[in-house]
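Beneath this line is the structure, given in structure tokens, with notes to follow.
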Amino acid sequence: MSAPRETRTTGPNPLHGSQPADGTADGAALPGNAPGAGADAVARGIPRWRLRVPTALRTPLGIVGGAIIAVWVLIALFAPILCPADPLAQAFPRLQPPGPGNLLGTDELGRDVLSRVLSAARTTLPVAVLVVLASMLAGSILGAVAGYFGKFVDEVIMRLADLVFAFPTIILAMVIAAALGPGLKNAVVAILLVSWPSYARVARSLVMSARSSEYVVAGRLLGFSAPRSLAVDIAPNVASPLLVLGTLSVGEAILTMAGLSFLSLGAVPPTPDWGAMVSEGVANFSAWWIALFPGLAILTVVMAFNFIGDSLRDALDPRTARTVGEQTS
Amino acid sequence: MRRRIGTFGLAAGTVAAVLATTACGGGSGGGGSSDTLVAESSFDLQTIDPARQFEFTGSTLDNAIYQTALKFEDGDLSKPGTGLCSFKMSSDQKTMTLTMADENAKFSDGTPVSADDIVFSYKRLQGIGGNPAFFLDGVDVKKVDDKTITLTSKDPNPALPYILPNASLGIVNSKVVKENGGTTDSKDKAQQFLDSNSQGSGAYKVESYNADSEVVLTANEHFGGQAPKFKRVVLRNVGGETQLSDVQSGQAQVAFDLNSDQVKNLDTGQVNVATQPSTRSPYVFNTASKDISAVTSNADFQNAVRYAIDYEKVQQLAGEGAQPLASLVPNEFIGHVPKDQAFKRDLEKAKDYLKKSGYKGEAITFNYASDQTVNGVNLSQLAETLQSQLKEAGIELKLAPAPSSTQLDAFRSGKQAMGIGSWGADFPDPTNYLVFTPGGTVAKRVKWEAGAAPEVEKLQKEALAAKEPSDRNTSYSKLYAALNKQGPFIPVVQPVSNVAINKSVTKYVSNADVSFDFAKAE
């Protein structure tokens with residue numbers, strides 16, 4: 001479903017003004033329209049998107065998720081200062097349990113687990129966000145092209161997507177990563193190759209719905225090219241659901257990366273990596289601290305991104321927002 | 001990387017442990033009835049057809065099922081002695097004469113073991129041409145009479161007495177095997193039959209066989225030796241951590257695959273541990289080809305690596321009982337180099353050699369099998385440890401992990417500049433390590449071709465010419481000491497092999513030849 005957005009009143013395309021401005025009518029039933037708030041915002045001449053994000057994050061889940069992510073972002077930024085020891089230095093006795101010397105213990109090579117968990121955030125978080133952005137971009141473009149042009153182009157792109165969907169994600173990622181060789185770069189490529197179809201499918205269905213909208217048809221009648229129509233008329237109105245999907249996928253990307261690292265197909269040692277650390281710990285259950293703390297790090301980050309994704313979805317989908325509102329009022 | 005000899009490791013002598021039953025032992029726990037022994041291992045099982053099997057699990061089972069013409073006396077791998085046969089080597093070391101010695105030996109159907117069975121078993125091994133066929137390469141097997149067999153080699157073959165005790169040379173019931181598709185050429189079709197209907201004269205026979213999950217053995221009622229106390233043996237395929245909890249709780253009586261850290265955590269009130277030095281030698285390899293790497297092929301660089309490794313720390317990583325390795329030959333084999341001659345860390349020397357080599361700090365790709373563990377030494381951990389140690393000397397390693405099959409193929413292609421390899425002894429004789437001399441199978445993988453080290457090759461000729469055990473010991477020791485100083489291979493540690501045994505087993509035999517003898521457990 002398409003979602004006419006605030007740009008219709010503020011954007012350069014005068015045709016946008018032809019859409020319902022109060023957020024009601026058919027637009028109210030579409031995700032991305034927040035009835036009432038959006039209308040007020042438009043009435044006050046304030047771009048609606050500036051209010052949406054805070055609204056979305058104003059839920060308890062959103063606040064908790066945002067706070068956790070903020071903490072991890074700060075950890076990633078300041079890891080070199082926060083780490084009590086060099087995460088690569090084999091400077092301590094092996095397999096020391098958590099204690100005053102090493103707060104989270106040491107691993108099988110005598111490295112400080114706390115320092116490694118904190119340092120791994122510098123790898124995991126940016127890479128996960130990068131992977132999601134790249135797959136979102138690639139999947140959305142391909143899906144939009146398929147949905148807009150239809151016919152042969154649609155068939156080719158979507159059958160390709162079906163082909164990727166036919167395999168379990170982690171298995172396909174493993175195969176690709178194994179073929180390319182271990183390493184963070186190759187793991188990113190592997191995850192990118194297996195995750196774009198989700199975005200392509202969503203983008204395709206949204207674009208198919210939007211391309212018959214009056215404002216798109218009007219633009220074509222005025223002679224707008226297909227790329228311009230896609231980029232200017234359609235893209236702003238299909239972006240919200242994709243953004244929600246992307247947020248929810250960050251956690252999934254982290255888990256897939258951890259899975260690949262667990263199988264020695266991700267980050268190359270000695271780079272600290274949460275998945276690889278869990279893998280090391282699994283081989284030594286009695287040294288429970290090796291796997292537990294990176295496992296908790298994965299859990300908190302994935303959970304936080306899911307909280308934010310859920311909150312965004314609730315806020316951007318008016319039906320869900322209404323239901324949530326009724327339940328909480 | 002190849003299979004270990006016998007079942008597991010190798011030790012100087014037999015460790016026969018006779019233990020009093022303690023309060024914490026008590027019966028066989030959850031592992032089954034009192035006449036059933038449950039053992040656990042991480043399977044690498046392909047088959048238990050002796051002429052085809054070349055893996056650890058297959059050897060463990062075949063040692064219990066089949067008897068061999070010769071066996072090591074009291075598990076001392078330097079003393080091959082009488083098994084089904086006694087033996088005599090000719091003075092030129094080319095002909096071995098086997099004489100039938102065990103009149104009580106009978107197969108599981110009650111048929112006595114004959115010279116024909118021995119000849120058939122050896123010819124079948126050669127004819128099938130499987131992994132263990134190289135044991136009898138170039139050996140002509142002939143029956144002289146009902147009591148005598150000769151094994152004739154073109155060249156002197158003093159290693160033959162050390163080869164015949166291998167489980168792959170187990171003697172099968174020729175009549176029954178022939179009736180079920182067994183031949184002495186590549187058309188042999190008896191593998192499937194032998195997997196579920198073993199035809200040996202050992203203490204046990206197969207009751208059920210599942211290569212993925214479990215193999216059950218029952219006592220061979222016609223066994224010529226002392227009947228085993230445990231009438232059934234169940235060998236289950238279980239991971240290391242589960243083995244740890246099972247052997248402590250009594251769900252299993254024997255656990256074969258615990259690493260040193262797991263062994264440390266065992267409850268000694270519940271479990272005994274039999275530790276044997278490993279026959280597997282992990283080593284660092286460098287290419288000898290300037291085309292592949294001008295850096296790692298440089299002798300000064302190789303010496304820098306030799307002196308940069310902190311061997312003591314590597315031993316700690318390998319666990320209690322790990323030893324220095326002064327050559328690729330394990331410390332218990334004849335022809336080994338005494339461990340006090342092993343290299344020791346000297347960072348100053350390492351830096352001097354590095355300076356002489358002209359190394360400019362470029363990162364060197366360091367290849368290893370990330371999923372491989374050599375008797376408790378995880379190669380990923382070893383690689384990270386070496387990376388850290390070499391960095392202290394100024395050598396930058398860029399780790400390149402790969403699955404073991406990929407790494408093995410890449411190593412065999414001969415295009416890798418540096419990395420970790422490991423060699424498991426096929427038989428306890430120094431000739432098994434000639435593959436590392438110039439032009440040898442493994443040496444070729446690092447482009448160390450014949451003629452590359454004249455001194456080493458001269459010593460090799462002298463060693464091959466030696467006949468008497470003491471001469472062989474001395475000459476091979478000289479050869480491998482020279483190899484260690486001049487060659488592109490750097491042995492790093494001799495690991496240990498651990499077998500954990502629940503105290504409900506009050507008597508067991510664990511030695512160099514058989515790390516746990518099912519038939520002698522009580």
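The values are calculated or read from the model by the stated rules, or taken from the named source; none is laboratory data. None of the values given here were measured: they were computed from a predicted structure. All Cβ positions, even for glycine, are placed from backbone atoms using ideal geometry, and neighbour counts span all protein chains on display. Calculation scope for accessible area: heavy atoms of the full protein, side chains included, ligands and nucleic acids excluded. Shrake-Rupley method; radii C 1.70, N 1.55, O 1.52, S 1.80 Å.
Table for the structure above
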item	result
Qualifying position, being open to solvent by less than 10 Å² (accessible area, probe 1.4 Å), away from chain A (no Cβ under 14 Å) and among the β-branched types (Val, Ile, Thr), among B:305, B:295	B:305
Complete set of residues in the stretch B:375-397 that are in a helix (DSSP H, G or I) and small (Gly, Ala, Ser)	B:380, B:383, B:388, B:393
Whichever residue in the stretch A:182-218 is of a type in the set (Val, Ile, Thr) and under 23 Å from the mean Cα position of the chain (by Cα) and, among such residues, is surrounded by the fewest Cβ atoms within 10 Å (Cβ to Cβ)	A:189
Options B:248, B:226: the member that is within 14 Å of another protein chain (Cβ to nearest Cβ), modelled with pLDDT of 90 or more and more than 24 Å from the chain's Cα centre (by Cα)	B:248
Conditions (1) farther than 23 Å from residue B:235 by Cβ; (2) modelled with pLDDT under 95; (3) open to solvent by 10 Å² or more (accessible area, probe 1.4 Å); (4) not charged (D, E, K, R): number failed by residue B:29	(1)
Test set (1) within 14 Å of another protein chain (Cβ to nearest Cβ); (2) touching a strand residue (DSSP E or B) at 6+ places or on another chain (Cβ under 7 Å) - residue B:373 fails condition number	(2)
Residue check for residue A:64: in contact (Cβ under 8 Å) with a residue 40 or more places away in the chain, surrounded by fewer than 19 Cβ atoms within 10 Å (Cβ to Cβ) and either more than 13 Å from chain B (Cβ to nearest Cβ) or under 20 Å from residue B:386 (Cβ atoms) (or both)	yes
Enumeration of residues in the stretch A:246-269 that are away from every other protein chain (no Cβ under 14 Å) and touching a Lys or Arg at 6+ places or on another chain (Cβ under 9 Å)	A:247, A:248
In the stretch A:219-243, the residues that are touching a Gly at 6+ places or on another chain (Cβ under 6 Å) and modelled with pLDDT under 85	A:233, A:240
Selection within the stretch B:481-510 - in a loop (DSSP other than H, G, I, E, B) and of a type in the set (Lys, Arg)	B:503
Test: residue in the stretch A:178-191 that is touching a helix residue (DSSP H, G or I) at 6+ places or on another chain (Cβ under 7 Å), within 14 Å of chain B (Cβ to nearest Cβ) and small (Gly, Ala, Ser)	yes
Single unsatisfied condition, residue B:337 versus (1) within 14 Å of chain A (Cβ to nearest Cβ); (2) more than 27 Å from residue B:294 (Cβ to Cβ); (3) open to solvent by less than 20 Å² (accessible area, probe 1.4 Å)	(1)
Qualifying residue in the stretch B:102-109 (condition: touching a residue at least 24 places away in the same chain (Cβ under 8 Å), small (Gly, Ala, Ser) and open to solvent by 60 Å² or more (accessible area, probe 1.4 Å))	no
Condition met for residue B:45 (crowded, with 22+ Cβ neighbours inside 10 Å, in contact (Cβ under 8 Å) with a residue 12 or more places away in the chain, within 17 Å of the chain's Cα centre (by Cα) and part of a loop (DSSP other than H, G, I, E, B))	yes
The stretch A:161-181, residues that are in a helix (DSSP H, G or I), without any contact (Cβ under 8 Å) to a residue 60 or more places away in the chain and over 22 Å from the mean Cα position of the chain (by Cα)	A:163, A:175, A:179, A:180
Qualifying residues in the stretch A:221-257 (those that are within 18 Å of residue A:126 (Cα to Cα) and in contact with a Leu (Cβ under 7 Å, 6 or more places away or on another chain)) - the one surrounded by the fewest Cβ atoms within 10 Å (Cβ to Cβ)	A:243
Verdict on residue B:417 being at pLDDT 95 or above, more than 27 Å from residue B:68 (Cβ to Cβ) and of a type in the set (Gly, Ala, Ser)	yes
Filter result for residue B:383 (within 26 Å of residue B:261 (Cα to Cα), open to solvent by less than 40 Å² (accessible area, probe 1.4 Å), within 11 Å of chain A (Cβ to nearest Cβ) and without any contact (Cβ under 8 Å) to a residue 60 or more places away in the chain)	yes
Residues of the stretch B:398-427 that turn out to be assigned to a strand (DSSP E or B) and facing chain A (nearest Cβ under 10 Å), as a count	5
Hits in the stretch A:270-304 - residues which are within 11 Å of chain B (Cβ to nearest Cβ) and surrounded by fewer than 19 Cβ atoms within 10 Å (Cβ to Cβ)	A:282, A:285, A:286
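Residue-by-condition table, conditions (1) open to solvent by 30 Å² or more (accessible area, probe 1.4 Å); (2) free of Cβ contacts under 8 Å to residues at least 60 places away in the same chain:
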{"position": "B:247", "(1), (2)": "no, no"}
{"position": "B:251", "(1), (2)": "yes, no"}
{"position": "B:265", "(1), (2)": "yes, yes"}
{"position": "B:274", "(1), (2)": "no, no"}
{"position": "B:311", "(1), (2)": "no, no"}
